[in-house]
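Report on the structure given below.
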Amino acid sequence: MISALILAAAVAIPNNFLLYEKAAAKKDDDPETSWSASGKKSARLVVNPCQKSTLGQSGRTAARTLTYTAVPDYSKSEQVILYASAAAAGKALRDLEAAVRACGTKGYRYTATSVSLGDKALKVTGQVYQGKKAAVGGERAVVARRANALIVYTVSGEWGKPAAADFKQQTKDATRMLAKICTIADC
């Protein structure tokens, strides 16, 4: 058990491990688009209904985050986080699920449904509402856990009424990452 913890602490997320790192590294002369990359272990969870900086932080050993932004309001993110144990990663996912239930306002609501990916996964919908009707704007995310790793893919933009097709790319990306995550996770 101790050797597994030492191994988890020693493993970092290598450069070019994330799916979008090559795209993020390309020179882009378009002033309306940009990529940002972070290897900070303390990076905020990119799906964060309550906007709490502590959500999903406990037990982290490494994190890598990529965010693509396009004017006026489109963005997508990819995040891989390694925890000291599968239990710590599981707690982070449970805490996210609790935040989905607890946070949001009358004008912006969150929902989450389970999806069959990894050891456990959620599809998270953030959506702008005017009264009871879905308005334009929101985010769609897939958050999956395998062993001591949490992977997150989000897209934010001018979404209308939530639909299953909104998660197509995030699900595809999460499936691809789950196929390779055990090269750095403690599977």
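The values are calculated or read from the model by the stated rules, or taken from the named source; none is laboratory data. All figures in this text were calculated on a predicted structure; none of them were measured in a lab. Here Cβ is always computed from backbone atoms with ideal geometry, including for glycine, and neighbour counts include all displayed protein chains. Each accessible area value is taken on the protein alone, full model and side chains, heavy atoms only, with ligands, DNA and RNA left out. Shrake-Rupley method; radii C 1.70, N 1.55, O 1.52, S 1.80 Å.
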Being within 20 Å of Thr171 (Cβ to Cβ), among the small types (Gly, Ala, Ser) and open to solvent by 20 Å² or more (accessible area, probe 1.4 Å) narrows Ser58, Ser85, Ser53, Ser75 down to just Ser75
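Going by the structure shown, is Gly104 surrounded by 17 or more Cβ atoms within 10 Å (Cβ to Cβ), over 14 Å from the mean Cα position of the chain (by Cα), without any contact (Cβ under 8 Å) to a residue 60 or more places away in the chain and more than 12 Å from Ala174 (Cα to Cα)? Full working, then the answer.
Values: surrounded by 17 or more Cβ atoms within 10 Å (Cβ to Cβ): yes; over 14 Å from the mean Cα position of the chain (by Cα): yes; without any contact (Cβ under 8 Å) to a residue 60 or more places away in the chain: yes; more than 12 Å from Ala174 (Cα to Cα): yes.
In short, yes.
Going by what's in this entry, would Tyr153 be described as of a type in the set (Ser, Thr, Tyr), surrounded by 20 or more Cβ atoms within 10 Å (Cβ to Cβ) and in a strand (DSSP E or B)?
Numbers: of a type in the set (Ser, Thr, Tyr): yes; surrounded by 20 or more Cβ atoms within 10 Å (Cβ to Cβ): yes; in a strand (DSSP E or B): yes.
Yes, satisfied.
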Restricted to the stretch 14-50 and to residues being among the β-branched types (Val, Ile, Thr) and open to solvent by 20 Å² or more (accessible area, probe 1.4 Å), the residue modelled with the lowest pLDDT is Thr33
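How many of the residues in the stretch 163-176 are open to solvent by less than 50 Å² (accessible area, probe 1.4 Å) and not charged (D, E, K, R)?
The initial filter retains those residues of the stretch 163-176 that are open to solvent by less than 50 Å² (accessible area, probe 1.4 Å), namely 163, 166-167, 170-171, 173-174.
If we keep only those that are not charged (D, E, K, R) too, we end up with 163, 167, 170-171, 174.
Final tally of qualifying residues: 5.
So for the stretch 140-150 (the condition being assigned to a strand (DSSP E or B) and at pLDDT below 95), does at least one residue qualify?
Initial filter on the stretch 140-150 (assigned to a strand (DSSP E or B)): 140-146, 149-150.
Subsequent filtering for residues that are at pLDDT below 95 retains none.
No, there is no match, as no residue in the stretch 140-150 is assigned to a strand (DSSP E or B) and at pLDDT below 95.
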So, first residue in contact (Cβ under 8 Å) with a residue 24 or more places away in the chain and over 14 Å from Lys41 (Cβ atoms) in the stretch 52-75, second residue β-branched (Val, Ile, Thr) and open to solvent by 40 Å² or more (accessible area, probe 1.4 Å), Cβ within less than 7 Å, six or more apart or across chains; the pairs are Ser75/Thr69
- prompt: Any residue at all in the stretch 113-128 that is surrounded by fewer than 15 Cβ atoms within 10 Å (Cβ to Cβ) and farther than 14 Å from Ala144 by Cβ?
  reply: no
